[in-house]
Amino acid sequence: MLGPTRKFALKWHCNYFNILLIMDEKVRIIFEFEKKAINHKIPVRLVKKLSGRIGMDEIHEITYLIQSSNKGKQQLYNLIFDEDDTVVGNALWIMTHFSLYENKWLYQKQDEMIDKLLVTKHPTHLRLLLHLLYRQPLANPPRVDFLDYCLEEMIAMKEAPGTTTLCMKLAYEMCRMIPELLQEYRVALDMIEPAQLPPSLKTSRKNILKALLKGKSLQVISNC
């Protein structure tokens, strides 16, 4: 027959063992949840919606679902090469809502995105691709074909003001770290008459000139 002390010790050991089991189960549940989240893909019902008009509810839901999932991001990224222009535009639009941290996943896709941009004729796709590229650290030295494209659009202003503004900003960032290119950029910028510019371009030109004199970048990107 067990004495009071032995009974207490046995009861304590049983309770301690049960606590360990509960804690182990909780860890397992958390691990499975995180594992599932890391591999999360966009549900079919949401993918189907991308062929039509979407709103912020769908954008928030998709970005939330794939925020920790590289598979989910790749799934969304693949859609920018879809044959349906609406799907492409929606996929690009969703990616512009990535947080600065999640947006780092797109850095590895920079060359592919530039390749797509250089053959894109759709004005909305063009603007969104430029926007996404502006949120990334640009190659140093820059891609010559991309720099030429941005400089040409900056001077010719064939596209909408928002697109031309992005080209102006991107060209500055690509030229900023190379003195010879920066000098050429300044010459090109001086060729643009401020009086002939719409307000958005006039403001961008002014801000770039200020940054140029200080040798500063205008980009906001994640370095962590």
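The values are calculated or read from the model by the stated rules, or taken from the named source; none is laboratory data. Computed from a predicted structure; not experimentally measured. Note that we place each Cβ from the backbone using ideal geometry, even for glycine, and neighbour counts take in every protein chain shown.
Observations on the structure shown:
- Scan the range 158-168 for residues that are part of a helix (DSSP H, G or I) and surrounded by fewer than 20 Cβ atoms within 10 Å (Cβ to Cβ) and the total you get is 2.
Conditions (1) at pLDDT 95 or above; (2) more than 18 Å from Asn78 (Cα to Cα); (3) in contact with a helix residue (DSSP H, G or I) (Cβ under 7 Å, 6 or more places away or on another chain), marked per residue:
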| site | (1), (2), (3) |
| --- | --- |
| Tyr107 | yes, no, no |
| Ile114 | yes, no, yes |
| Leu133 | yes, no, yes |
| Leu151 | yes, yes, yes |
| Thr165 | yes, yes, yes |
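Per-residue answers, yes or no, for (1) within 25 Å of Asn103 (Cβ to Cβ); (2) of a type outside the set (S, T, N, Q):
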{"position": "Leu138", "(1), (2)": "yes, yes"}
{"position": "Met154", "(1), (2)": "yes, yes"}
{"position": "Thr164", "(1), (2)": "yes, no"}
{"position": "Leu212", "(1), (2)": "no, yes"}
{"position": "Gln219", "(1), (2)": "yes, no"}
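- Unique residue being in contact (Cβ under 8 Å) with a residue 40 or more places away in the chain and either in a helix (DSSP H, G or I) or among the small types (Gly, Ala, Ser) (or both) when the list is Lys73, Lys109, Lys104: Lys104
- Odd one out for Val220, checked against (1) surrounded by 15 or more Cβ atoms within 10 Å (Cβ to Cβ); (2) modelled with pLDDT under 95; (3) under 24 Å from the mean Cα position of the chain (by Cα): (1)
- Test: residue in the range 187-196 that is at pLDDT 95 or above, in contact with a helix residue (DSSP H, G or I) (Cβ under 9 Å, 6 or more places away or on another chain) and closer than 24 Å to Ile114 by Cα: no
- Note on the range 169-180: residues that are surrounded by fewer than 14 Cβ atoms within 10 Å (Cβ to Cβ) and touching a helix residue (DSSP H, G or I) at 6+ places or on another chain (Cβ under 6 Å) total 0.
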